[in-house]
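The values are calculated or read from the model by the stated rules, or taken from the named source; none is laboratory data. In this text the structure is predicted, and so the values were computed from the model without any measurement. No Cβ is skipped: glycine too gets one built from the backbone with ideal geometry, and neighbour counts run over all protein chains shown.
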């Protein structure tokens, strides 16, 4: 659970950084965008594997998308990086430093409740969708204007399904299956959200984002 | 002032001049004083020689992007006449600057008065020819060439070729070869842009020509690899001649492994036999004849390995540190945080951590070695990892080509340290 939270926090942070980097003088930096997307991908994989692990260890109660985490203040950096991930998976060893979580994290957490409603709706529609050819880990993405982080973390939690019944066998295979299903969820998202008006503030606004999850796996390609 | 943050430091080939570029697009050149018998103690101090605005902020209207004026790199050309030439670049445009001295000026024009105004022809009754008279030394910098519009992505490196006729500029995905005389075209010699940008997995992070072989250059990538290319092999050097990569140590694998393996700087040794690379935590020396692993690896600040998540949060994990060789390739130097910089002696395997700060930089003071305490009991002079100031970073350093004089840029201050002369 801790690992999941931490992975989610990193994902949120990465998306925020990516969004913020667009505002920088000199425009988007390709190298920076690539690095952010790599971290996002690792965080996502870790989150998925932790989720699988959590589900495996507590079959009766999958990590439900409870409103509690949303209402809590941003995760403190103290989250212990227990190796919930099994061997072979990317370990998450760094104990967190006592550093203030960036302000931006508060915004997503506070905005969470709204998008949660939206995502719950979408979940049912995406259930039937089957995974596509699988997400190429190195896939770069387009960052939608309205996308960014906002209800990202909550959306993620809501969307992810418990692992399918056939998820036996080697863990890596399971992760891959999850990945495929996950990307299936992504690809079924509706058309790109309306581009935000230029008057949009530099700080991420709370807005239900249709293709929020697109942002997760699709980093910025400006050129 | 943000504009004063130093973004590049470079000695010229003799070490007589030291150029710095800053975030405001300015170049400041320091010149070493001539040694004089009278003032033994002022041996070889560096004083400001010339200051000029190299680049201005620009706006790309097509992409609605501002182009920063920050000077990313300065490279000197070898001196061929009385004037000095250097290349300076921002994200998009490379410029060739001529820095020359003027110590005489013409006086006694026939048709103009002392202020340059035209004289009334009726008052001209004699004929005289202007003569050159000495004047106070003036150093002027003029832009001789502007190499623009050749890079879609952000330029990270420039390197002058040993033929002194060409140079290269590298951005995230492409490397272009220029002739100094021709500004309206360049040759593309490396292009790693994939057909589908969604398949992009690595970018070019630094590039440099071999110091002696004008056909050879190397470029480093964000994946921690180095490619050596030979321009004689083909016009487009997409296929490398040599590929340097160290297999990853599985025990070091972590969440941020990929991004800390990105090489931020690559430098040939003066001999041309070795290359040195800097990634986030280490400096590595590679032998050109051995591609499968470096011959030496030096830990710059391994105590940060457990702090990577925090460093990601505060963006420090993206800092691009440079590294330099000394003149004899026996010592290498690179920067760290808290205004610390490190030197590694390749022969004795000894290393030292020094600090660039006003407090311990009185003239002729001796720098005291510093030590970072990595847990456990902290000794009196040590500093703990948690006390390090990550806003004080030394990204840019330079070493005099033949003497033990180093220049260290600490945010907006430049420190010049010299070996004590007995």
### Query
Conditions: (1) in a loop (DSSP other than H, G, I, E, B); (2) in contact (Cβ under 8 Å) with a residue 12 or more places away in the chain; (3) surrounded by fewer than 22 Cβ atoms within 10 Å (Cβ to Cβ). Residue B:194 meets all but one. Number of the miss?
(2)
### Task
Of all residues in segment B:172-191, count the ones that are in contact with a strand residue (DSSP E or B) (Cβ under 7 Å, 6 or more places away or on another chain) and in a loop (DSSP other than H, G, I, E, B).
5
### Summary
Scanning segment A:1-51 for residues that are over 25 Å from residue B:156 (Cα atoms) and surrounded by fewer than 23 Cβ atoms within 10 Å (Cβ to Cβ) gives A:1, A:2, A:5, A:41, A:45
### Message
So for segment B:200-213 (the condition being in contact with a strand residue (DSSP E or B) (Cβ under 6 Å, 6 or more places away or on another chain), free of Cβ contacts under 8 Å to residues at least 60 places away in the same chain, within 18 Å of residue B:237 (Cβ to Cβ) and surrounded by fewer than 17 Cβ atoms within 10 Å (Cβ to Cβ)), does at least one residue qualify?
### Response
no
### Query
Which of (1) touching a strand residue (DSSP E or B) at 6+ places or on another chain (Cβ under 6 Å); (2) not in a loop (DSSP other than H, G, I, E, B) is the odd one out, the single condition residue B:136 does not satisfy?
(1)
## Note on the structure
Checked segment B:303-332 for anything under 16 Å from residue B:394 (Cα atoms) and either facing chain A (nearest Cβ under 10 Å) or in a helix (DSSP H, G or I) (or both); matches are B:304, B:311, B:315, B:316, B:317, B:318, B:320
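Does segment B:48-93 hold any residues that are outside any loop (DSSP other than H, G, I, E, B), within 14 Å of another protein chain (Cβ to nearest Cβ) and touching a residue at least 60 places away in the same chain (Cβ under 8 Å), and which are they? Spell out how you get there, then give the answer.
Pass one, segment B:48-93, residues outside any loop (DSSP other than H, G, I, E, B): B:48-53, B:58-60, B:65-67, B:73-76, B:84-89.
Okay, now just the ones that are also within 14 Å of another protein chain (Cβ to nearest Cβ), so B:58-60, B:65-67, B:89.
Scanning segment B:48-93 gives a single hit, B:89.
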### Message
Any residue that is assigned to a loop (DSSP other than H, G, I, E, B) and free of Cβ contacts under 8 Å to residues at least 24 places away in the same chain - is there at least one of those in segment B:17-27?
### Response
no
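Tell me which strands (runs of 3 or more DSSP E) are completely within segment B:201-240 and hold 1 or more residues being within 14 Å of chain A (Cβ to nearest Cβ), or say none if there are none. Before the answer, list the steps.
Working: elements: B:204-209, B:216-221, B:226-230.
It comes to B:204-209, B:216-221.
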### Task
Sort out which residues of segment B:98-115 are in a loop (DSSP other than H, G, I, E, B) and under 19 Å from residue B:134 (Cβ atoms), and write them in order of number.
B:108, B:109, B:114
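Can you tell me which residue among B:271, B:169 is touching a residue at least 40 places away in the same chain (Cβ under 8 Å), over 30 Å from residue B:310 (Cβ atoms) and either outside any strand (DSSP E or B) or in contact with a helix residue (DSSP H, G or I) (Cβ under 8 Å, 6 or more places away or on another chain) (or both)? Spell out how you get there, then give the answer.
Values: B:169 fails: either outside any strand (DSSP E or B) or in contact with a helix residue (DSSP H, G or I) (Cβ under 8 Å, 6 or more places away or on another chain) (or both).
The unique qualifying residue is B:271.
Of the residues A:49, A:37, A:42, A:57, only one is modelled with pLDDT of 75 or more, closer than 24 Å to residue B:251 by Cα and more than 10 Å from chain B (Cβ to nearest Cβ); which? Before the answer, list the steps.
Details: A:37 fails: more than 10 Å from chain B (Cβ to nearest Cβ); A:42 fails: more than 10 Å from chain B (Cβ to nearest Cβ); A:57 fails: closer than 24 Å to residue B:251 by Cα.
After applying the criteria, what remains is A:49.
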### Task
Return yes when residue B:89 is at pLDDT 95 or above, over 20 Å from residue B:394 (Cβ atoms) and surrounded by fewer than 20 Cβ atoms within 10 Å (Cβ to Cβ) and no when it is not.
no
### Task
Working carefully through the options B:276, B:290, find the one that is more than 10 Å from chain A (Cβ to nearest Cβ), without any contact (Cβ under 8 Å) to a residue 60 or more places away in the chain and either touching a helix residue (DSSP H, G or I) at 6+ places or on another chain (Cβ under 7 Å) or not in a loop (DSSP other than H, G, I, E, B) (or both).
B:276
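Can we say residue B:173 is surrounded by 13 or more Cβ atoms within 10 Å (Cβ to Cβ) and more than 14 Å from chain A (Cβ to nearest Cβ)?
Working: surrounded by 13 or more Cβ atoms within 10 Å (Cβ to Cβ): yes; more than 14 Å from chain A (Cβ to nearest Cβ): no.
So residue B:173 does not fit the description; no.
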